[in-house]
Amino acid sequence: MGRLFIFEHGVYVMQEKIKNIKTLAELQALYAEVFGKNGTMTAKLKQMKDLDNDARAALNRENMELRELFKTRQAEIETAVMMAALESQRLDVSLNPLPENRGTIHPLTQSLSDIAIILESFGYEMWTGPEIEDDWHNFTALNTPEYHPARDMQDSFFLENGNVMRTQTSAIQIRSMEKTGAPIKMFGIGATYRKEMDATHSPMFHQIEGLYIDKNITMSDLIADVREFLKRFFEMDDIKLRIRPSYFPFTEPSIEIDMMWRDNKWLEIMGAGMVHPNVLRNCNINPDEYQGFAFGFGWDRLAMLKYGLNDIRQFYDGDVRWLRATGF
Ligand code: DAH
């Protein structure tokens with residue numbers, strides 16, 4: 001207790017004073033009163049040289065003790081200020097959250113996923129290709145050389161350098177055959193472009209294209225795969241198809257496949273046929289050894305039928321309300 005006695009009263013009083021201070025500004029003012037130029041402690045320290053050893057030691061201790069008291073209080077006040085700030089900014093987590101606003105799967109994405117699962121389960125492998133195509137892949141290799149009247153079947157967007165915005169995913173069959181040769185079982189997917197625009201036509205739309213080349217592949221294999229594919233895609237137990245002769249330059253014979261829809265109406269679903277020997281030759285496949293079929297359909301169109309949509313342009317409007325209403 002000797003120590004208390006020595007720095008005594010002065011320190012004790014200061015201790016109480018410091019403890020009662022609530023703000024940094026007041027603390028600084030008091031500090032200046034003690035340690036400032038004309039501060040009480042400053043004055044005492046100036047007279048240190050006149051003191052005996054014990055008194056000097058006591059003064060030193062008092063000095064140090066006081067400084068420590070200021071430092072401690074400063075830290076306390078700073079903490080209190082911070083705690084008050086945190087308290088005033090506290091988040092009220094009891095508030096109900098805003099209604100959840102989740103994205104929805106686009107009907108095209110959903111239908112592609114359905115289509116891919118079915119075709120892959122039949123052993124078809126998914127391929128993509130460039131949307132800007134050269135003449136060879138989009139037309140010539142598909143047995144549609146320049147000046148072939150069938151080029152008029154598709155109103156194309158040409159680029160200045162002679163390339164074309166892909167008018168059909170059939171270009172992807174050429175690329176896949178060139179790359180892997182025969183046998184091959186693939187389907188190509190992607191955007192296609194034509195100069196058309198109304199409720200059922202958009203200048204940009206999507207196609208899906210199947211191709212199966214091997215030894216002894218026949219038209220019956222084609223019809224079997226298409227029938228099973230449509231049954232699964234539309235989730236129908238039974239399905240009625242109508243096969244009509246048609247014309248495409250890259251298939252011989254060529255057919256179109258219609259399907260009986262719910263209201264007993266025939267709907268045109270896809271074009272197909274046995275791949276023309278010229279097309280196989282163009283891809284370095286020997287048509288005497290290999291043959292096969294191809295089929296192509298509008299991916300948007302199939303999705304519209306399945307989900308009961310009536311305007312193809314809605315797929316590309318990016319209207320979130322419409323997407324939400326489609327309900328995926
Ligand atoms: N490419 C054709 C079109 O755009 C669709 C088509 C028809 C693709 C017959 C084929 C096919 O593979 O065999 O109209």
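The values are calculated or read from the model by the stated rules, or taken from the named source; none is laboratory data. Please read these numbers as outputs of a predicted model, since none were measured by experiment. Positions of Cβ are backbone-derived with ideal geometry, glycine not excepted, and every protein chain shown enters the neighbour counts. Side chains are part of the model used for accessible areas, which takes the heavy atoms of the whole protein and leaves out ligands, DNA and RNA. Shrake-Rupley method; radii C 1.70, N 1.55, O 1.52, S 1.80 Å.
Key figures
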read-out	value
Degrees, to the nearest 10: 24-35 long Cα axis against longest axis of the chain	30
Most positive-pole-ward Cα, Trp299, Ala325, Gly210, against dipole of segment 202-328 from beta carbon charges	Ala325
Relative contact order (%) - segment 2-88, alpha-carbon pairs under 8 angstrom, separation at least six	40
Note, ³J(HN,Hα) from phi for segment 138-151, Karplus 6.51, -1.76, 1.60, rounded to Hz, x at Gly and Pro	7, 10, 4, 5, 8, 6, 10, x, 4, 6, 5, x, 5, 4
Cα shape, segment 97-136, gyration tensor, a/c 1.5 rule	oblate
Full-extension gain in nm, Val13 to Ala116, via 0.36 nm per residue minus C-alpha separation	28.5 nm
Euclidean distance between Cα centres, segment 90-160 to segment 268-288, Å	23
Debye equation applied to the C-alpha atoms of segment 148-233, log10 I(q)/I(0) at 0.20, 0.22, 0.23, 0.26 Å⁻¹	-1.09, -1.16, -1.18, -1.24
Summed residue charge, Cβ within 15 Å of Ala171's Cβ, Lys/Arg positive, Asp/Glu negative	-1
Gyration tensor (Cα) of segment 11-160, equivalent ellipsoid semi-axes in angstrom	91, 23, 16
Cα centre as origin, Lys/Arg/Asp/Glu Cβ charges: the chain dipole, Debye	1540
Most positive-pole-ward Cα, Ile132, Asn143, Pro99, against dipole of segment 85-165 from beta carbon charges	Pro99
Most mobile of Tyr316, Tyr212, Tyr147 in a GNM of the chain (Cα contacts under 10 Å)	Tyr147
√(5λ) per eigenvalue of the Cα gyration tensor, segment 2-88, largest first, Å	29, 14, 9
With Cα atoms, 0 to 90° folded angle of helix 170-180 axis to the chain main axis	80
Three-way shape call for segment 107-325 based on the alpha-carbon gyration tensor, with the a/c threshold at 1.5	oblate
Cα-projected label distance for Arg321 with Arg281, points at 7 Å along beta-carbon direction, nm	5.8
Probe 1.4 Å, accessible area per residue of the chain, Å²	58
Projected label distance in nm at Asn161 and Thr109, using a 7 Å step from Cα toward the beta-carbon	3.2
Spin-label pair Arg90/Lys195, simplified geometry with 7 Å Cα→Cβ offset, distance in nm	7.1
Rel. contact order, % - alpha carbon contacts under 8 angstrom, at least six apart, the chain	15
Most fluctuating residue given options Leu95, Leu119, Leu30, as computed from a GNM of the chain linking Cα atoms under 10 Å	Leu30
Residues of type lysines that Lys19 reaches as a straight line, Cα spacing below 16 Å, ignoring anything fewer than 8 places off in the same chain	Lys71
GNM top mover of Pro249, Pro149, Pro277 - the chain, alpha-carbon springs below 10 Å	Pro149
Anchor Lys240: lysines whose Cα lies under 30 Å away (excluding residues fewer than 8 positions away in-chain)	Lys185, Lys215, Lys231, Lys265, Lys306
Among Gln47, Val81, Tyr12 - extreme Cα towards positive end, dipole of segment 2-88, charges at beta-carbon	Gln47
Low-density loop positions, trypsin sites (Lys or Arg not before Pro), segment 243-306 - DSSP coil, at most 15 other Cβ in 10 Å	Arg262, Lys265
